[in-house]
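Since the structure comes first, as structure tokens, the remarks are kept for the end.
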Amino acid sequence: QARARLAPWIERGRATVVQGALEGPQMRARFDRVLAINVNIFWTNPAVAFASARRLLAPEGRLLLVFEPPSADKARALAKQMEGLIAANGFVLADKRQARFRTSAGLALIVQPNGS
């Protein structure tokens, strides 16, 4: 979906989409934006996840975390938990949005390394 949506930018050489694990062999570049959708390691092992994200982000880069909790209440609880984990791992919350997806709640957090 990302490749289709970003096709005009990809064709002009202004965007690249790389899919893989945070620690995967294809993840040796630095990125302006890193998108993680339903990547549970950000709350199950946040030190590893945020360290990996920091390594992947270019200066001024942003990390977009998207989760699909089953309800709005769980989305609010996850947002609160994630805000603490974000701060504890040297990042700051730049933006937070909650929305209703078709079959679940939606939570999007845009974070950046502290000091960026």
Using θ = phi - 60° and the Karplus form 6.51 cos²θ - 1.76 cosθ + 1.60, what ³J(HN,Hα) does each residue of the stretch 66-78 get, whole Hz, x for Gly and Pro?
10, 10, 10, x, x, 8, 5, 4, 5, 5, 5, 5, 5
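Express in nm, to one decimal, how much length is gained between residue 73 and residue 44 on full extension, taking 0.36 nm for each residue of separation and deducting their alpha carbon distance. Mind showing how you got there, number by number?
Values: separation 29, 0.36 × 29 = 10.44 nm, distance 1.96 nm.
Between residue 73 and residue 44, full extension yields 8.5 nm more.
Given the -39500 (n - 2.57) contribution per DSSP H run of 4+ residues, what per-residue ellipticity at 222 nm results for the chain, rounded to the nearest 500 deg cm²/dmol?
-9500 deg cm²/dmol, from helical runs alone.
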Paramagnetic reach from residue 9 (point 7 Å along Cα→Cβ, amide N under 15 Å) across the stretch 25-67
31-36, 58, 61-65
Dipole of the stretch 35-116, positive end: most advanced residue of 110, 78, 58 [Cβ charges, Cα centre]:
78
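Of 33, 62, 102, which has the most accessible area with a 1.4 Å probe, and how do the rest follow in descending order? Don't skip to the end; give the middle numbers.
Numbers: 33 155, 62 85, 102 235 Å².
Descending order: 102, 33, 62.
With a Förster radius of 30 Å, plug the Cβ-Cβ distance of residue 18 and residue 60 into 1/(1 + (r/R0)^6) and report the FRET value to the nearest 0.05. Could the numbers behind the result be given before it?
Details: r = 19 Å, r/R0 = 0.62.
Using R0 = 30 Å, I get an efficiency of 0.95.
What percent antiparallel are the DSSP beta bridges of the chain, to the nearest 5?
On the way: 14 of 20 bridges.
Antiparallel: roughly 70 percent of the beta bridges in the chain.
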Residue 73 accessible area, 1.4 Å probe, all protein chains in place, Å² to nearest 10
100
Which one, (1) 24.3, 71; (2) 14.4, 42; (3) 43.7, 149, gives Rg and Dmax of the Cα atoms in Å as derived from the coordinates shown?
(2)
Can you list residues from other chains, or at least 5 along the same chain, whose modelled amide H is less than 5 Å from the amide H of residue 57?
31
Based on Cβ point charges of +1 for Lys and Arg and -1 for Asp and Glu, what charge dipole magnitude is obtained for the stretch 51-93 about its Cα centre, in debye rounded to the nearest 20?
80
In Å², rounded to a whole number, the accessible area per residue of the chain with probe 1.4 Å is 64
Long-range amide H partners of residue 15, meaning residues 5 or more apart or on another chain whose placed amide H is closer than 5 Å, are 10
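Assigning unit charges at the beta carbon (Lys, Arg +1; Asp, Glu -1) and nothing else, what dipole magnitude in debye, to the nearest 20, does the stretch 10-116 show about its Cα centre?
Dipole size: approximately 140 debye.
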So what is the relative contact order for the chain, in percent, with contacts set as C-alpha pairs under 8 Å and at least six apart?
23
Counting only residues 5 or more apart in sequence or on a different chain, those whose built amide H sits under 5 Å from that of residue 62 are 33, 34
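The values are calculated or read from the model by the stated rules, or taken from the named source; none is laboratory data. Here the structure is a predicted model, which means the values were calculated and not measured. FYI the Cβ positions are ideal-geometry reconstructions off the backbone, even for glycines, and counts take in every protein chain you see. Note: accessible area is taken over every heavy atom of the protein model, side chains too, but ligands, DNA and RNA are not part of it. Shrake-Rupley method; radii C 1.70, N 1.55, O 1.52, S 1.80 Å.
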